Amino acid sequence: MTEQHLMLHTDKYQLNMMYAHWKHGTHVQKAVFDVYFRKLPFGNGFAVAAGLERVVRYIENLRFSDEDIAFLAKQEENYDLAFLEELRQFRFHGDIYAAVEGSLIFPNEPILRIEASIFEAQIIETAILNFVNYQSLVATKAARIKQVAPHDILLEFGTRRAQEADAAIWGARAACIVGFHGTSNLRAAMLFDLEAKGTHAHAWVQIHPSEQEAFDRYAEALPDDVTLLVDTYDTLRDGVPHAIETAKKLAAKGKRLKAIRLDSGDLAYLSKRARKLLDDAGLPDVKIVASNDLDENIIVELKAQGARIDSWGIGTKLITAADNPALGGVYKLVAKETDGHYEPVIKISGNPEKITTPGKKNVYRIINLLTGKAEADYIVMHDEQLENSAEPLMLYDPTHPFIRRKVENYRVVPLLRPIYKQGQLVYELPTVKEIAAYHKQQLELFWPETLRKLNPEKYHVVLSDKLWNLRKELINQHSK
Ligand SMILES: Nc1ncnc2c1ncn2[C@@H]1O[C@H](COP(=O)(O)OP(=O)(O)OP(=O)(O)O)[C@@H](O)[C@H]1O
Ligand SMILES: O=P(O)(O)OC[C@H]1O[C@H](OP(=O)(O)OP(=O)(O)O)[C@H](O)[C@@H]1O
Ligand SMILES: O=C(O)c1cccnc1
């Protein structure tokens with residue numbers, strides 16, 4: 001049901017603008033829009049691009065159904081029948097360039113560029129922002145968690161607390177593209193070829209006459225490698241000893257206990273005590289999983305306290321991005337077709353952060369060949385060629401433009417890759433595993449100072465001189 005009618009997954013004002021364009025015959029005018037965000041979430045030094053697969057699936061199925069048209073016909077706007085007929089023919093014919101999923105992305109740089117008739121470009125704004133904002137936010141939160149537990153097993157457990165079903169599955173996927181190992185959501189696992197993982201709930205223990213019986217019966221029913229939840233009654237006095245008892249019974253049958261899970265109390269203390277009990281019982285290979293309102297900050301704390309936790313089940317705070325529940329990505333018009341060419345446009349605001357960067361643009365990641373690290377992202381006008389250029393580049397600090405830095409030995413990597421050309425999909429969607437591998441390579445391009453989770457160094461996003469001058473010129477024009 002929720003996958004249907006996505007064509008109407010837009011704000012009504014988009015349709016009203018389309019209608020007014022159509023009435024005036026301006027709907028075929030071409031336009032360029034940029035998607036970008038202004039502020040990094042969680043105080044992080046970077047964000048992670050996600051949502052492109054959903055965007056592609058959406059564009060591929062972008063049609064008004066008979067039901068959609070009938071619904072629109074009932075709206076108070078009384079749209080002309082001829083307009084509604086035109087909608088029946090609606091297809092996306094435009095170009096989309098995007099930072100591919102797993103890329104590190106930064107404020108105020110285009111992460112998607114949409115070039116299409118205003119009619120087509122306008123209606124897709126809402127859905128694209130909806131997909132990209134949410135998924136990039138969760139991928140960024142998950143990347144922070146991955147950073148504090150790079151060698152541990154990370155499981156996404158958030159479905160029950162997610163903002164409804166779509167968020168649960170796309171959020172699970174967003175976590176896995178930055179290196180989570182699996183999700184508890186079977187549907188997400190099936191749809192995106194993720195590892196489905198699970199332990200058991202307290203109810204399994206409570207429904208049995210005793211915890212011991214519950215553990216034995218669970219281990220008996222399931223194949224090898226079960227995880228037992230040990231905190232239903234008393235973790236150290238009952239839960240862990242009962243799990244050890246079950247492990248011994250399993251060993252006698254050639255099976256093994258994979259792990260125990262702690263889900264309450266002082267996780268550092270309990271994990272250390274549980275580890276000792278397991279080791280003393282000759283079970284050093286039995287791992288310890290922890291869950292209970294975890295996030296990157298609690299995990300750091302627990303590690304600092306010497307917690308002996310091998311694997312983390314993380315739900316609510318990840319899937320809802322609890323400490324920063326929205327990414328403020330926007331979709332802004334930057335150029336319009338005038339007399340057969342693109343005229344850059346600007347949006348002026350009293351808030352300097354909200355003044356847009358005009359024109360159809362490209363973004364290049366400048367990699368210093370001596371260090372192998374990214375120096376800055378460099379935004380240029382579309383007709384400025386940077387590929388194959390051996391010219392030294394002057395990079396200035398955007399907040400202090402008088403501070404300039406020359407880069408001589410560099411290579412450039414375009415951030416925006418072609419996804420659609422004239423309505424044709426020209427990009428092969430990678431698997432989640434491929435995205436995770438790409439994301440790992442992306443991280444290696446950046447200095448630890450940019451990547452650290454607390455007070456990171458700001459990575460610079462720089463405008464070319466030509467773009468900088470154009471922006472200044474348009475601001476001056478408007479202030480006259
Ligand atoms: N050693 C620790 N240091 C810091 N935070 C911890 C430690 N152990 C657990 N936490 C975290 O503290 C919070 C404890 O929350 P809460 O008091 O609701 O849990 P609880 O005592 O286990 O109760 P409940 O049984 O309701 O889950 C959780 O977010 C948990 O991850
Ligand atoms: O804590 P999260 O990061 O959201 O991880 C998922 C939580 O879901 C389950 O709890 P349950 O639904 O049984 O509720 P409770 O533990 O909050 O009582 C599980 O035991 C985790 O504690
Ligand atoms: O498999 C688990 O242990 C699990 C799954 C979802 C939520 N909490 C725990």
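The values are calculated or read from the model by the stated rules, or taken from the named source; none is laboratory data. Since we're looking at a predicted model, the values are computed, not measured. In this analysis, Cβ positions are derived from the backbone assuming ideal geometry, glycine residues included, and neighbour counts consider all displayed protein chains. Keep in mind that these areas ignore ligands, DNA and RNA; they rest on the heavy atoms of the full protein, side chains included. Shrake-Rupley method; radii C 1.70, N 1.55, O 1.52, S 1.80 Å.
A few notes on this one:
- Flag for Leu327 being in contact with a Ser or Thr (Cβ under 9 Å, 6 or more places away or on another chain), aliphatic (A, V, I, L, M) and either touching a residue at least 40 places away in the same chain (Cβ under 8 Å) or surrounded by 13 or more Cβ atoms within 10 Å (Cβ to Cβ) (or both): yes
- Those helices (runs of 4 or more DSSP H) of segment 165-226 in which 2 or more residues are closer than 21 Å to Asp263 by Cβ, open to solvent by 50 Å² or more (accessible area, probe 1.4 Å) and of a type in the set (D, E, K, R) occupy 211-221.
- Identity of the residue in segment 263-288, among the aliphatic types (A, V, I, L, M), without any contact (Cβ under 8 Å) to a residue 40 or more places away in the chain and within 16 Å of ligand 2 (Cβ to nearest atom), that ends up least open to solvent (accessible area, probe 1.4 Å): Ile288
- Among the residues here, Asp285 does not qualify as at pLDDT 95 or above, within 10 Å of ligand 1 (Cβ to nearest atom) and not aromatic (Phe, Trp, Tyr).
- Entry remark, segment 295-319: residues being more than 14 Å from ligand 1 (Cβ to nearest atom) and open to solvent by 20 Å² or more (accessible area, probe 1.4 Å) number 1 in total.
- Residue check, Lys361 farther than 30 Å from Leu267 by Cβ, of a type in the set (Lys, Arg) and buried (at least 22 other Cβ atoms within 10 Å of the Cβ): yes
- Apart from one condition, Pro352 fits all of (1) within 21 Å of the chain's Cα centre (by Cα); (2) away from ligand 1 (no atom under 16 Å from the Cβ); (3) open to solvent by 60 Å² or more (accessible area, probe 1.4 Å); the exception is (1).
- Lone qualifier among Asp397, Asp465 - being in contact with a His (Cβ under 7 Å, 6 or more places away or on another chain) and farther than 30 Å from Ser117 by Cβ: Asp397
- Checklist (1) within 25 Å of the chain's Cα centre (by Cα); (2) in a strand (DSSP E or B) applied to Pro401, failing item: (1)
- If you go through segment 394-410 and pick out every residue that is modelled with pLDDT of 90 or more and either surrounded by 14 or more Cβ atoms within 10 Å (Cβ to Cβ) or among the aromatic types (Phe, Trp, Tyr) (or both), you end up with 2.
- Residues satisfying the criterion are absent from segment 52-62 (criterion: modelled with pLDDT of 95 or more, touching a His at 6+ places or on another chain (Cβ under 9 Å) and assigned to a strand (DSSP E or B)).
- Out of Ile366, Ile419, sole residue that is out of contact with any Pro (no Cβ under 9 Å at 6 or more places or on another chain), open to solvent by less than 30 Å² (accessible area, probe 1.4 Å) and under 28 Å from Phe180 (Cβ atoms): Ile419
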